[in-house]
Structures are given as C-alpha cells and as structure tokens.
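Before any comments, here is the structure.
Throughout, read-outs are computed from the coordinates displayed, never taken from laboratory work. Quantities reported herein were computed from a predicted structural model and do not represent experimental measurements. FYI the Cβ positions are ideal-geometry reconstructions off the backbone, even for glycines, and counts take in every protein chain you see.
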Amino acid sequence: MIKSAILRLPGFIIIIIFVTAIFGCTHYYTPKQYPLKPGMVEKLRVNQPVTIVNDQPDTENKIIGGQGGHKWLGNLNQWTDTAIRLLKNEFEKRDITVTENSPKVLYLKINDANFYWGFFQIRCILYLTARTGDGYKNEFEGNNASGATIYRAADGAVTRAVAAMLNDHKIREYLEGISEPACEKK
C-alpha cells in the first residue's frame, strides 16, 4: 500500500506542475517608495504650499505583465498614490509644504505601466501625466530595469518618472512661481 503510493507520487507532482504551468498564478503589486538619489533633481525654490491630487480615476486591476504561467496585476490609482507619497516626501525634504487646499496644484496620473523580460533583467516602463493648476500638461516616462526582481523595477520606474517631472522646466516654473514674461504688443 505505502509502496504503491510512493510510486504514484512522482506522477502526482508532475500533474501539479503541469496544472500550475497552464493556469499559472496571479500576482498583485503596488510599487513602494524608492527615494530620489542626490543629483536626480535640481534644487527647487518653492515658497508656496502645494496640493497634490491623484487624477487617476480607474481603480480596477490591470494586467501589467505576464511571463510563463504568471501574470502581474496593478491598480494604476494605487500606483499613482505611490508617486504622490514619494513626491510629498521629497517636498518635505526640501521644506516645501504640502496641503489639501493650496491654489498651487499638481494633478498626477499614472496612465500605463508594463513589465518586460529581457536577458538577465526585468524592466518596468510606465507613463506619468502631470498637470499644473494653470493648465500645463506633460507625460513623463519612468523606465527602470532590475537584474534582481520585478518589484525593484517597478519601484525604480515610479522614482524615475517623478524625477523627470521635477526636472521639467515648465513644472519647475509653475512650482517656483516664475511666470513667462508677457509678449509686448507693437
């Protein structure tokens, strides 16, 4: 009895592996904050409080990537929350006040995110849209690869997108209160 059960065990293990490979596993991930490294963003001179708003209305899980029998899902509203928390922390480090009702507003939205597998690395590419309270809008790519984990790739992509946004001269002018000189009429 025991001997026949032991002989059937390898077949059972093969069936389990086969079923898992076909149907796979689903993973959910929301990036963690990975702080900006020194030098990623020039010094900001903001003397007014700033309000940061999550502008991503979609709270459904979306497929971010898949490999073999595994797929990764993410909620882009929550990914945007990570970008906002990261930005708030960076503003606090720079003595920039973040409040709930400032006339100076940044609307952030992560529009899309995808994982890509390559030779000894996993890459995450995402797109962050930032819109200022005066109507300027631009999209910033966060592109990060990791030889270690999919999670590091995603965390770094959020950080790179936020850094790109903070290096945009129009965003900086808006935050710093610098306005374009009016055109003179002739």
Phi-based couplings in Hz for region 144-158 (Karplus 6.51, -1.76, 1.60; Gly and Pro marked x): 9, 10, 9, x, 9, 9, 5, 5, 5, 4, 5, 4, x, 5, 4
Taking the Cα centre of region 77-131 as the origin, how large is its charge dipole in debye, to the nearest 20, when only Lys and Arg (+1) and Asp and Glu (-1) carry charge on their Cβ atoms? 100 debye
For a Förster distance of 35 Å, can you work out the FRET efficiency between the beta-carbons of residue 101 and residue 40, rounded to the nearest 0.05? 0.75
Based on the Cβ-Cβ distance of residue 85 and residue 168, what FRET efficiency does E = 1/(1 + (r/R0)^6) give at R0 = 22 Å, to the nearest 0.05? 0.65
Using r as the Cβ-Cβ distance of residue 26 and residue 111, and R0 as 30 Å, what FRET efficiency do you calculate, to the nearest 0.05? 0.85
Can you flag which of 62/104; 37/137; 88/137 are past 28 Å Cα-Cα? 62/104
With unit charges on the beta carbon (Lys/Arg positive, Asp/Glu negative), name the residue among 128, 86, 153 whose Cα is farthest towards the positive pole of the charge dipole of region 24-176. 153
Could you line up 165, 40 from fewest to most neighbouring Cβ atoms inside 10 Å? 40, 165
Ranked highest first by average number of other Cβ atoms within 10 Å, how do 104-111, 59-66 line up? 104-111, 59-66
Once the dipole of region 24-176 is set up with Lys and Arg at +1 and Asp and Glu at -1 on Cβ about the Cα centre, which of 114, 40, 77 lies farthest towards its positive end? 40
Considering only the other residues whose Cβ falls under 14 Å of the Cβ of residue 150, what net charge follows from Lys and Arg at +1 and Asp and Glu at -1? +3
